[in-house]
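J.: Handing you a structure now.
What follows is calculated from the coordinates using simple rules that are stated; it is not laboratory data. From a predicted model like this one, the values you see are computed outputs, not experimental measurements. Don't worry about glycine lacking a Cβ; one is built from the backbone with ideal geometry, like all the others, and counts go over all protein chains shown.
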Ligand code: C2E
Ligand code: MG
Ligand code: MG
Ligand code: MG
């Protein structure tokens, strides 16, 4: 059996390696349990326009672990991704996000907010991806126009034709798409033009050195001017200091996200901030 084969394989490794493997298996089981117990919740980080007004939020998953407290994705996202548990996890966050959008639509001060949700390329490439998103929109009553889906660049290009057609189907319904961590992956200019995209998110590694690092300034300027030509919106991630926002704005960036405007917070805290 596969299990017996796995054991044989493990016997080639040293005990330390085995400890790592069994920790991974334990964590995977714990994620499975946490999903069943609905311990994964959506936190929100504000996204601001050029004048600093909150125009929306990004949903970032947090694990309310009964023993370990509130856990950030760094602790579990990698294992969830490898084990396939990222798919039910993304679904759970998408559902929570759309429920939230439907509630926001009822109040004048939240009705115009957009919500960006991270999805794994694994989820995008699932056969029922488009159906799942459409069903969730229908069941929750959320408007597709307020929903943005963020996909990480490096994983998007597994099967470009498939990605394009799925994105297009949802885009026809009004859903928007952003490329996350832009500049760190492998997108060629040709792919950028083919993908039905709305927004590029400048990765925070390029924002960090602003305004002094000449290389970072050059990269950020290049992304902004290319995006203008392709008629794509740009949002800068990881903006922590006013000087970073100033130079981004100087070069044409109109949307910002980072600790300068707020850290990821509970839904209640986000509403308070508004
Ligand atoms: P991301 O989508 O690129 O999200 C941005 C990350 O940068 C978040 O980390 C956020 O807390 C952090 N961040 C935001 N502003 C600042 C800043 O000014 N300074 C610094 N140093 N960091 C900042 P977080 O919440 O730990 O999430 C890490 C990654 O986990 C996300 O990166 C995303 O790729 C993934 N992720 C989060 N939620 C989900 C989800 O529901 N589904 C999937 N598939 N992935 C998710
Ligand atoms: Mg993101
Ligand atoms: Mg990012
Ligand atoms: Mg990231």
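J.: Express as a percent, rounded to the nearest 5, the fraction of DSSP beta bridges in the chain (both residues included) that run antiparallel.
T.: 40
J.: Kindly give Rg over Rh for region 166-208, based on alpha-carbon atoms, with the Kirkwood expression for the hydrodynamic radius.
T.: Numbers: Rg = 11.7 Å, Rh = 11.3 Å.
The Rg/Rh ratio comes out at 1.03.
J.: Ok, one more. What is the diffusion coefficient of region 115-225 in µm²/s, taking the Kirkwood radius over Cα pairs and the Stokes-Einstein relation at 20 °C with a viscosity of 1.002 mPa s?
T.: Taking Rh from Cα pairs, D becomes 144 µm²/s.
J.: Once you have the Kirkwood Rh of the chain from its Cα pairs, apply Stokes-Einstein at 37 °C and 0.692 mPa s and quote D in µm²/s.
T.: For the chosen part, D equals 164 µm²/s.
J.: Further question: Work the Kirkwood hydrodynamic radius out for region 203-262: mean of 1/r over every pair of different alpha-carbon atoms, inverted, in Å.
T.: One decimal place: 11.2 Å for the Kirkwood radius.
J.: Related question: Pick from 116, 144, 19: which is most flexible by mean-square fluctuation in a GNM of the chain where alpha carbon atoms under 10 Å apart are linked?
T.: Looking only at 116, 144, 19, the largest GNM fluctuation is found for 19.
J.: A further question on this structure: Please report 162, 214 as a ranked list, fewest other C-beta atoms within 10 angstrom at the top and most at the bottom.
T.: Details: 162 12, 214 9.
With the sparsest Cβ surroundings first, the list reads 214, 162.
J.: Under the Kirkwood approximation applied to all pairs of distinct alpha-carbon atoms, what is the hydrodynamic radius of region 172-245 in Å?
T.: For region 172-245, inverting the mean 1/r across all distinct Cα pairs yields 12.9 Å.
J.: Note the direction-averaged projected area, equal to a quarter of the hull surface, for the Cα convex hull of region 67-141, in nm². It would help to have the intermediate numbers written out before the result.
T.: Details: hull surface 25.3 nm².
Here the figure is 6.3 nm², rounded to one decimal.
J.: Once you put a point 7 Å from the Cα of residue 271 and another 7 Å from the Cα of residue 99, both along the Cβ direction, what distance in nm separates them?
T.: 1.3
J.: Starting with the fewest neighbours, write out 273, 260 ranked by other beta-carbon atoms found within 10 Å of each beta-carbon.
T.: With the sparsest Cβ surroundings first, the list reads 273, 260.
J.: Okay, next question. What is the distance, in nm, between label points placed 7 Å from the Cα along the Cα-to-Cβ direction at residue 250 and at residue 68?
T.: Going from the residue 250 label point to the residue 68 one covers 4.3 nm.
J.: Working out 0.36 nm times the residue gap between residue 241 and residue 157, then minus their Cα-Cα distance, what length gain in nm do you get to one decimal?
T.: That works out to 26.9 nm of additional length.
J.: In nm, what is the difference between 0.36 nm times the number of residues separating residue 106 and residue 213 and their Cα-Cα distance? Mind showing how you got there, number by number?
T.: On the way: separation 107, 0.36 × 107 = 38.52 nm, distance 4.48 nm.
Contour length minus Cα-Cα distance gives 34.0 nm.
J.: On to the next question. Which three semi-axes in whole Å describe the equivalent ellipsoid of region 26-127, each the square root of 5 times a Cα gyration tensor eigenvalue, listed largest first?
T.: On the way: eigenvalues 146, 43, 34 Å².
Working through the eigenvalues yields semi-axes of 27, 15, 13 Å.
J.: If you don't mind, another one. Using the number of other C-beta atoms within 10 angstrom as an exposure proxy, rank 22, 205 with the fewest first.
T.: Fewest to most other Cβ atoms nearby, the residues stand as 22, 205.
J.: Given C-alpha coordinates of region 58-106, what is the ratio Rg to Rh with the Kirkwood estimate of Rh?
T.: Using Cα coordinates only, the ratio equals 1.04.
J.: For a Förster distance of 41 Å, can you work out the FRET efficiency between the beta-carbons of residue 20 and residue 139, rounded to the nearest 0.05?
T.: Computed FRET efficiency for residue 20 and residue 139: 0.50.
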